[in-house]
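Bear in mind these aren't lab numbers, they're just calculated from the coordinates by the rules spelled out. The structure presented is a predicted model; accordingly, all values stated were derived computationally and were not measured. Glycine gets a Cβ as well: all are built from the backbone with ideal geometry, and neighbour counts include every protein chain shown.
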Amino acid sequence: MVRRITKYGEQILKTKAAEVTKFDENLRELGSDLVETMYAENGLGLAAPQIGESKRVFAIDMRRRVDTETPCVFAIDGKELPLDIAMPLIAVNPEVEEIGEYVIVSEEGCLSFPGIYAEVERSEAVKMKYKDVDGNPHELVCEGLFARCVQHENDHLDGVCFIDLLRSKELFKIDSKLRKLRKQTREFLKENK
């Protein structure tokens, strides 16, 4: 089921999400809703708080990236897999560790911040331990855009949005757009109580 995307100004985006303890049909449904909503909104990744669920779950599908010329470098459980087998990836209770020494600055956007983009500094490579919706443990090692997406979505689970990572100069560039979006969110929430 496609769900409404929470927007900047909603409290759930600033709240640390709860660890998942039940691996059941409700969790599988949440995973499915994340993927369907991500596709409907033309996103690359989506975290549960972005659809109103304060749970430590996110989905990513690297097949949806714009630049398909650059190879998507990753391994799951030590194996390099074709994207069509590995995606969409649904991570439950992820633990993300930055690996390597390189930091890359690149433009990011977010479905909770429509039309707003900014340069964000992220680690070039990450290792993530996570469970799938059935509770099976996995380990992902990835780099480049995939690593950026993992860090972005994992931040959502800690109540951190990409704008929280911006330097003041970058924040200043998008300040008027942020104010406008926050106002729209307040009005929407007031109308839909």
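Of Lys177, Lys7, Lys16, the sequence from fewest to most neighbouring Cβ atoms within 10 angstrom is Lys16, Lys177, Lys7.
When 1/r is averaged over all different Cα pairs and the result inverted, which Kirkwood radius in Å belongs to the range 1-48? Here the Kirkwood hydrodynamic radius works out to 11.9 Å.
Think of the chain as having a plus end and a minus end, set by charges on the Cβ of Lys, Arg, Asp and Glu; of Met87, Gly9, Ala118, Gly9 sits farthest toward the positive end of this dipole.
For the peptides 83-93, 179-189, the ranking by mean Cβ contacts within 10 Å, running from highest to lowest, is 83-93, 179-189. Packing, taken as the mean count of other beta carbons within 10 Å per residue, orders the peptides 162-173, 144-155, 33-44 from highest to lowest as 144-155, 33-44, 162-173. For the range 44-55, the Karplus equation 6.51 cos²θ - 1.76 cosθ + 1.60, evaluated at θ = phi - 60°, returns couplings of 9, x, 7, 9, 3, x, 6, 10, x, 10, 7, 10 Hz by residue, with Gly and Pro reported as x. When the charge dipole of the range 11-191 is built from unit charges on Cβ atoms (+1 for Lys and Arg, -1 for Asp and Glu) and taken about the Cα centre, the candidate among Ile174, Pro137, Ile76 whose Cα reaches farthest toward its positive end is Ile174. A Förster distance of 41 Å, applied to the separation of the beta-carbon atoms of Asp84 and Lys16, puts the FRET efficiency at 0.75. Couplings 3J(HN,Hα) of the range 71-80, computed from phi: x, 8, 9, 6, 9, 10, 6, x, 10, 7 Hz, in residue order, whole Hz [Karplus 6.51 cos²θ - 1.76 cosθ + 1.60, θ = phi - 60°; x for Gly and Pro]. Counting only Cα atoms, the size of the chain along its three principal axes is 47, 39, 26 Å, in decreasing order.
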